[in-house]
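Encoded as structure tokens, the structure appears first; notes follow it.
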Amino acid sequence: MEKYFDINEQGYSIRCKLYCEDPREIARVVVCCHGFGGHKDNRAAATFAQRIIAKWKGTGVVVFDWPCHGDDARKNLVLDECDAYLGIVAAHVSEAYATDELYAYGTSFGGYLILRYLALHGNPFRKIALRCPVIDMYHTFLSAIASEDDLRKLQGGKVVLVGFDRKVKVGKRFIDDLREADIRACEYFDYAEDILVLHGTDDEVVSFQESRAFADDNVIEFVPVEGADHRFRDPKKMDAAIARIIDFLRS
């Protein structure tokens, strides 16, 4: 089943979507974090949810809209509010389903935000799977997301609309915060055994080499997916990635 719900806490209204067989039988929850410009109704998350629910009885999957994404009502994207959303969602689902068995699955920008959350707060998740995570979010934003005109406007103090599936409002504060929030300066050795990184060798948006170097530096298991692009558009490659992620989360 699928169910939409909102979490109204700390002055925020977080739009969420639950996938499960029976909400009364949820024993564990996977929190899914989508990428920049994405939304909770994305096809990749739905496919993942359907597969893991079928394979792992008692699993619920919760996907939510980041600030300014999907149906979210925030006006401008603020990095600290993304951090707040992830913390609120994790705490809420743990309480709502009476479980401390939490897992995380993040893609691209969502992967970056999970790693940033760990650096700031520690790890509330038993296992974390990251597909094509952004490691250097600041330079990825400058080179792959924002146009030259966007950057000129941002430097002039203006707010611009950038993104992919849905345009997102960002201002100079967001760029400055990204520059300061460099997760490469953080160590993840304490969580390394509980993290899996998969990355397509043909990723045209996020640096494959940065991702591999980050995993190597932190002794995190890294799985290169030969020929896969950023969105894993090849269904066979996506199927293989999902199967590998599910096996890891269950291990």
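Would you be so kind as to identify which of 240, 171, 213 lies farthest towards the positive end of the dipole of region 167-251, taking Lys and Arg as +1 and Asp and Glu as -1 on Cβ and the Cα centre as origin?
171
Report the trypsin sites (Lys or Arg not before Pro) located in region 4-77 that are in a DSSP loop and have at most 11 other Cβ atoms inside 10 Å of their Cβ, or state none. Show your work: numbers first, answer last.
Working: sites: 15, 17, 24, 28, 40, 43, 51, 55, 57, 74, 75; in loops: 40, 57, 74, 75.
Sites meeting the loop and neighbour criteria: 57, 75.
Which log10 I(q)/I(0) values, to two decimals, does the chain give at q = 0.08, 0.15, 0.16 Å⁻¹ under the Debye formula with one point per Cα?
Those come out to -0.28, -1.05, -1.21, one per q.
Could you tell me the distance between the Cα centroids of region 1-29 and region 198-251, to the nearest Å?
27 Å
Going by average Cβ density within 10 Å per residue, which order do the peptides 97-110, 223-236 take, highest to lowest? Don't skip to the end; give the middle numbers.
Details: 97-110: 21.9, 223-236: 15.8.
In descending order of packing, they fall as 97-110, 223-236.
Using unit Cβ charges (K, R positive; D, E negative) and no other charged atoms, how large, in debye to the nearest 20, is the dipole of the chain about its Cα centre? Don't skip to the answer; put the middle values down first.
On the way: 33 positive and 41 negative charges, 149 e Å.
In debye, rounded to 20, the chain gives about 720.
Which of 198, 86, 61 sits closest to the plus end of the dipole of the chain, meaning its Cα is farthest towards the positive end, when Lys and Arg get +1 and Asp and Glu get -1 on the C-beta?
61
What are the lysines whose alpha-carbon lies under 22 Å from the alpha-carbon of residue 153, with same-chain residues fewer than 8 places away excluded?
Excluding near neighbours in sequence, the set is 75, 167, 169, 172.
With charges set only on the Cβ (+1 for Lys and Arg, -1 for Asp and Glu), what does the dipole of region 125-238 come to about its Cα centre, in debye to the nearest 20? Intermediate results must be reported in sequence, preceding the final value.
Numbers: 18 positive and 23 negative charges, 157 e Å.
Here the size comes out at about 760 debye.
Computed over the Cα atoms of region 33-132, what is the ratio Rg over Rh, Rh following Kirkwood?
Working: Rg = 13.1 Å, Rh = 14.0 Å.
Here Rg/Rh amounts to 0.94.
Give me the dipole magnitude in Debye, nearest 20, for region 1-51 about the Cα centre, with unit charges on the beta carbon: positive for Lys and Arg, negative for Asp and Glu.
Details: 8 positive and 7 negative charges, 35 e Å.
So the dipole magnitude of region 1-51 works out to roughly 160 debye.
Which of rounded, prolate, oblate describes region 155-234, given a ≥ b ≥ c as roots of the alpha-carbon gyration tensor eigenvalues and a/c under 1.5 marking rounded, otherwise prolate only if a/b is larger than b/c?
Oblate, since a/c reaches 1.5 and b/c is not below a/b.
Count neighbours as other Cβ atoms within 10 Å of each site's Cβ, and list the GluC sites (Glu not before Pro) in region 7-61 that are DSSP loop with at most 14 such neighbours. The partial results should precede the final answer.
Working: sites: 9, 21, 25; in loops: 21.
Those satisfying the criteria are 21.
Given a 10 angstrom Cα cut-off, can you work out which residue in 60, 156, 171 is the most mobile in a GNM of the chain?
156
Every number here is computed from the coordinates shown, using simple stated rules; none is lab data. From a predicted model like this one, the values you see are computed outputs, not experimental measurements. Glycine gets a Cβ as well: all are built from the backbone with ideal geometry, and neighbour counts include every protein chain shown.
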